[in-house]
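In what follows, a single structure is set out as structure tokens and then discussed.
The values are calculated or read from the model by the stated rules, or taken from the named source; none is laboratory data. Note that this is a predicted model, so its numbers are computed, not measured. All Cβ positions, even for glycine, are placed from backbone atoms using ideal geometry, and neighbour counts span all protein chains on display.
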Amino acid sequence: MIHEPLQKNIDNAAKLVGKTWPLYAFVTSNPLSGYEDIPFEKAVRRVEKHMGARVFPGASLYRQAWEQKEIDENELLTLLEENGMSESPEWYLRQMESQKTVMEKNINHDLDRIMAKWLAAFMDEGLAEWEMPYKNEGFYNAWRKLAIYDGELGINSRKDLPKSGSDALAEILKEYPEKEHISIFTYHLAALPGWTGYIKYRKEANSFWHMEYPITLEDYLAVRLWIAKHIKAEMLPKTDKTEILPISNLQLIWLKAWEKSWQNRLVNSLTQKSMTLEASENEGPVPDAQMVLCIDTRSEAIRRHIESKGNYETYGYAGFFGIAMDYQNLSDGLIRKSCPPIVSSTYKVVEILQKGNLEKLSKYKRKNEVLKFRQYFLKRMKNMLPSAFGYVEGSGAHYGISLLLRTLLPGYFHRLNGKNTPSHENICEPEIDTANSKEDLIVGIPLNEKTALVKSAFDLTGLKHFAPLVFFVGHGSHSTNNPFGSSLDCGACAASPGRHNARMLAKLANLPEVRIALEDNFDLKIPADTFFIGAEHNTTTDEIVVFASKVPDSHQERLQKVRTDLFKAQRTATQERLGVVKDSVAMARKKALDWAETRPEWGLAKNAGFIIAPRALTKNRNLDGQCFLHSYNWEMDKNGSALEGILQGPMVVTQWINNHYYFSTVDTEKFGGGSKITQNVTGKFGVVQGNGGDLKMGLPLQSVKESDEKMYHRPLRLSVFIQAPVAWIEEILLRNENLKSLLDNEWIYLLVMDPTEENRITRYQKDMKWDRSVGRTGSSKDFIDKVPAEDLNELSMV
Amino acid sequence: MNLENNSTEKSKQTQSSIFSKIATLFLWALFSGNLGYLITHFPNIQEWDWHGIFRINGFTLLIWTTVTFFSAVVSSYAGNYLKGFRYQNGFMGLCLGFTISVMLLVMSNHVLLLLLSWLAMGLFMARLIGIDSDWGEAGEASKFAQKYFMAGTFFLSAGVLLLAFKSNEFTISGLISALNGLPQSIIFIAAACIIIAAIIQSAMYPFHRWLLSAMTAPTPASALMHAGFVNGAGILLTLFSTLLFASNTLTLLFIIGGFTAIIAQFTKLLQVTVKQKLACSTIAQMGFMIMQCGLGFFNAAVAHLILHGFYKAYLFLSAGEGIENSKPQKPLQIRIRPLQAFVVLFFGILGAVLFALLTGKGTAVDSGIFLTLIVAITVGQATYNIVKEQSLSILQKALLPSILFISGIGIYALIYNGVTVLMADMPMVVVPLQLTAIQIMFGIVFLIGFFIMKLGIYQRVPWLYVKLLNISRPYKKSILLYKYK
């Protein structure tokens, strides 16, 4: 066992590096999450120094923002003045532009290269048929047994290597004074931050791979430092640069001005509407249908389009629908998380047979098995000697035809491959169970828990008067040949599609016993003719798939009408999103199916705000997909406890997403994934660039920029906008030190519209102070500059 | 100012998309023209000669059709895939340049044209590897590849010019027919030089490293490289087949190809990145192609280079599909029941018979038997996996192998015979050799390799793992050489 101070030093040093999530469950997290308890500025400077990363938007982004008038001149001038800078913005912009990217030799090139080789070999998750020998003994031990064969290292005998990683570490470190240990660790953990982050992930997630093939940071450092000593690499950074460049001060000022300008625009745009605030959603006549969608920024547009198609009401709720669950996939039996990574799973949802579908299910299963066999078969044929040669000759023509079809007729190719066949949602239904229950034996959960899950959905969203049809709409994306596919799925579901959570909640809300309990215990009456339905918003094509196999006949006609309107909404939503009038749906579908598409959809790019308020405040307002929307009605929330829940959960998730997008944009190579066009998938879980190197830890260039030069995502820190009494929020912040620290350290901003004070808007300052000067300076630009949806509607009528 | 900037930005973008669209259309038109001509005139394609500089025959048209197909697919793909890439226009230009140099190569009869187009091909490819000029490692990889290609051109020039000056003939057809009058030593040296040029291009061991270091190229460039560039060896060796016979170097080719095929196939098993895995597979397949040349079946090699091109281009263009959540799995136990063994043997032999009947390979006791053996093992391997699978019904188990091998072998035979007809007027491209001890030995080595793989014995040899891991590493300087800020 490693002795304690050493372990503590390692953990401290490792805070510098975020977690790298596997791409099959790509969680957009804050790469600087280890530093959230210190001010943003200090945190980024540390990372800038140790990782050599860019931490502020580059001059070209500021240039574009400046020229598109997204940065308000007055705000900028004020901030410059406050910092004693008196030249013109143009002058400072040119000064920033004079700063060029520098490329310098990596002094530990050989060390980094050798480590990348061993890490990639060890951490592989089944891409290689021949895995690294001795892998199950752990990283250090496996490496120790193989090191003698690695000519690059020049280690001649296994006896030269200590028996365990901690022995090796201790032996190397004894040559250095203890106060240098943490610097050594920091230096070496920051060298390949992507791989370091994946070690952190594996250990925390304790995945199957980790249980079978353990790797720890101690092991990694032991191997790395041993090799470093052996090949005489640098143990400590040569110079300890601590000076802050004046340029980076300037960059921070510009960032703040940009953020403030954005907030002003948001406030101006929301206050225009606040006149109509009085008529909140629960007082009008009951709508034809209600839909609860994820708070995701992509829901903003589709909600607007659905609302404009009929008498519909929409709500925003965290896309895991409040069910902290794992989901067991029917096709491969794998269990994966389907709730925010910050929440531990209480439940497990499995699929059970719907009555009368036994035959369909066995057909589905058979098909699935044949598919699996096909994959296995092809792999064997390609790998084996000499069948690989015969296989290529026998199947080459088939690949040739596929090549032609998939390039020229992706839709046809897709249909030919039968990927459009119905999935299991109409054969099975979800069933909820406790997370740690044994396989194949469903115990279920008590009624009061079921009831609580349903009730909290209504509490948090403020949904009160029920329409005959209520949809819970999860969301998922559909793209092909896209290693980052899961980054486009639901962030609140740990990068799974949220459909199963939605189906589960709908099923629970339809249970007669739950409805009785709601009425008996909480005086909450759901009309007998209200039916809840699970659905999924396909964010790539804006299609909404309804899982309607259990809808009673009495509701079919209504459902049909909703479906027709959803189809219309899909058309106008895609028109707006893609900026075309004709064939927008076909174009969106093509993006989903085209194997050459690197930007199938924009995911959560452009996110900058999180609005926690009734829909009435944002309704009929085009927010251009820049805001997360959580429905919340302060009048229904007696003591602010629902709001507290929203701030603890969804707000933290949106902050992670926002920070991830920020850092992936400001340094796409270090924090992001680099350009997709030269990525190389490694180990079935990640990508490297080109020939290899560090594991990429974030979103690719194609997710945050329109072209190599042109910006798409605006790297702005999240502005949270809440309609609730300021006093409540102060209490919540006092109770939740971590939330207050996020605000005080400027990881996020907070704006509050206080309904008890005539909806006056104030902005949170450090240490519970409030600034009232928001939205007053003249906004130089309207919130969006696209063609408004209404115009497109008219066009499409023609 | 604002508007102006926006409009120049816009016009730059439209320019790029217009250029890319025109280039793509042009390539599709070239492909359709070639294919149309091939189909309408098949099998009577007249050889056309222009002052000893150009020569167009069935083989030329076949390679033209193939390379324009790959370029057209790649440029269609890249038109969308590279949208927003700073060097998209440059990419399209290089693709076009590359395609034209391959076309020139296969139509050139004059030696200078041959050498120049060979050089151009390499230069265009090296530029594609380093197209992102802001990326230091890509630049290193590009320079590295270029060194190989320059060496290749040097050896090719040495070999061809030696023959040309000795025989005073400056066309390929001329110097091929003048070979009889040259001393054996000259012929051997020339052949050796040309073989070196060929195996550099095809990344045979020990010249494989450039290909494993070429992943800095955008994915569609890799597709083009693996489908239309590395197989240049097959084309070159076919053009000089007579020389190879005259110099008695076929066995050498057979050995180089054979060793590479086996080593690369094992190396492929331990790769942990998709593109490097594909590259190892390409090296193995090229090894096999060179073996086919070494057996005297240049037509089979040409068929293989086309079919492998389809296969590898597809896999590269879909290289983003390798992300999967899975569980660690223990290797399966290999057990086979007597009845299953009988079925495997039965189908294997049936496959071999069908193959021999349809392609004519292996009907006599000559080097063709080797190729037939590979077919037999492949069919046996496929059958084995099928009969063992529990999710298939008895009927499926009985039918599936025959459906697969009949269609596989049938379509292959069709293509093989088509290629053979198109190459009919070329000298010495289908000359089965006498079965030699070396071939039999390799046949046995392949069988042993098959069993070693099948039984997973290799997994118990850790030093081999490390050795293979190290020989398949990319060029040092193309990884993590720089820091950017």
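Details
- Qualifying positions in segment A:21-39 - more than 16 Å from A:Thr654 (Cβ to Cβ), within 14 Å of chain B (Cβ to nearest Cβ) and assigned to a loop (DSSP other than H, G, I, E, B): A:Trp21, A:Pro22, A:Phe26
- Segment A:467-487: number of residues that are at pLDDT below 95 and under 28 Å from A:Ile722 (Cβ atoms): 1
- Residue within segment A:77-95 that is surrounded by fewer than 17 Cβ atoms within 10 Å (Cβ to Cβ), among the acidic types (Asp, Glu) and outside any helix (DSSP H, G or I) present: yes
- Among the residues of this structure, A:Gly692 counts as one that is in contact with a Pro (Cβ under 7 Å, 6 or more places away or on another chain) and crowded, with 24+ Cβ neighbours inside 10 Å.
- With respect to the conditions (1) more than 30 Å from B:Gly84 (Cβ to Cβ); (2) in contact (Cβ under 8 Å) with a residue 24 or more places away in the chain, B:Ser185 falls short on a single one, namely (2).
- Residue match in segment A:439-453 (condition: among the acidic types (Asp, Glu), assigned to a helix (DSSP H, G or I) and free of Cβ contacts under 8 Å to residues at least 12 places away in the same chain): yes
- The lone criterion from (1) farther than 23 Å from B:Phe316 by Cα; (2) modelled with pLDDT of 95 or more; (3) crowded, with 23+ Cβ neighbours inside 10 Å left unmet by B:His208 is number (1).
Matching residues to (1) more than 9 Å from chain B (Cβ to nearest Cβ); (2) among the charged types (D, E, K, R); (3) touching a His at 6+ places or on another chain (Cβ under 6 Å); (4) surrounded by fewer than 24 Cβ atoms within 10 Å (Cβ to Cβ):
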{"site": "A:Thr654", "(1), (2), (3), (4)": "yes, no, no, no"}
{"site": "A:Asn659", "(1), (2), (3), (4)": "yes, no, no, no"}
{"site": "A:Thr668", "(1), (2), (3), (4)": "yes, no, no, yes"}
{"site": "A:Ile677", "(1), (2), (3), (4)": "no, no, no, no"}
{"site": "A:Asn680", "(1), (2), (3), (4)": "no, no, no, no"}
{"site": "A:Tyr712", "(1), (2), (3), (4)": "yes, no, no, yes"}
{"site": "A:Leu733", "(1), (2), (3), (4)": "yes, no, no, yes"}
{"site": "A:Ile748", "(1), (2), (3), (4)": "yes, no, no, yes"}
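- Elements of type helices (runs of 4 or more DSSP H) in segment A:541-629, at least 1 residues being closer than 30 Å to A:Leu751 by Cα: A:556-578, A:615-618
- For segment A:271-299, filtering for residues that are under 29 Å from A:Arg760 (Cβ atoms), surrounded by fewer than 24 Cβ atoms within 10 Å (Cβ to Cβ) and modelled with pLDDT of 80 or more leaves 1.
- Hits in segment A:591-607 - residues which are within 13 Å of chain B (Cβ to nearest Cβ) and touching a Gly at 6+ places or on another chain (Cβ under 7 Å): A:Leu593
- Each residue in segment A:111-140 was checked for being part of a helix (DSSP H, G or I), facing another protein chain (nearest Cβ under 7 Å) and not basic (Lys, Arg), and 4 pass.
- B:Phe342 being in contact with a Ser or Thr (Cβ under 7 Å, 6 or more places away or on another chain) and not small (Gly, Ala, Ser): no
- Scanning segment A:219-236 for residues that are surrounded by fewer than 21 Cβ atoms within 10 Å (Cβ to Cβ) and outside any loop (DSSP other than H, G, I, E, B) turns up A:Lys229, A:His230.
- Entry remark, segment A:107-130: residues being touching a Ser or Thr at 6+ places or on another chain (Cβ under 9 Å) and closer than 9 Å to B:Gln271 by Cα number 1 in total.
For every residue, the table says whether it meets (1) within 7 Å of chain B (Cβ to nearest Cβ); (2) at pLDDT below 90.
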| site | (1), (2) |
| --- | --- |
| A:Lys379 | no, yes |
| A:Tyr399 | yes, no |
| A:Arg406 | no, no |
| A:Arg415 | no, yes |
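- Exactly one residue out of B:Phe446, B:Phe442 is at the interface with chain A (Cβ under 8 Å from one of its Cβ atoms), within 25 Å of B:Met291 (Cβ to Cβ) and surrounded by 16 or more Cβ atoms within 10 Å (Cβ to Cβ): that is B:Phe446.
- The listed residue being away from every other protein chain (no Cβ under 14 Å), out of contact with any helix residue (DSSP H, G or I) (no Cβ under 9 Å at 6 or more places or on another chain) and of a type in the set (Ser, Thr, Tyr), out of B:Ser177, B:Ser185, B:Ser167: B:Ser185
- Segment A:129-143: number of residues that are free of Cβ contacts under 8 Å to residues at least 24 places away in the same chain and either basic (Lys, Arg) or touching a Leu at 6+ places or on another chain (Cβ under 6 Å) (or both): 1
- The residue of segment A:142-173 that is nearest to the other protein chains (Cβ to nearest Cβ), among those that are in a helix (DSSP H, G or I) and surrounded by fewer than 18 Cβ atoms within 10 Å (Cβ to Cβ), is A:Tyr149.
- When residues in segment B:376-403 are screened for being under 20 Å from A:Gly396 (Cα atoms), in contact (Cβ under 8 Å) with a residue 24 or more places away in the chain and more than 8 Å from every other protein chain (Cβ to nearest Cβ), 5 of them pass.
- Every condition in (1) within 11 Å of another protein chain (Cβ to nearest Cβ); (2) buried (at least 18 other Cβ atoms within 10 Å of the Cβ); (3) not hydroxyl-bearing (Ser, Thr, Tyr) holds for B:Gly456 except the one numbered (2).
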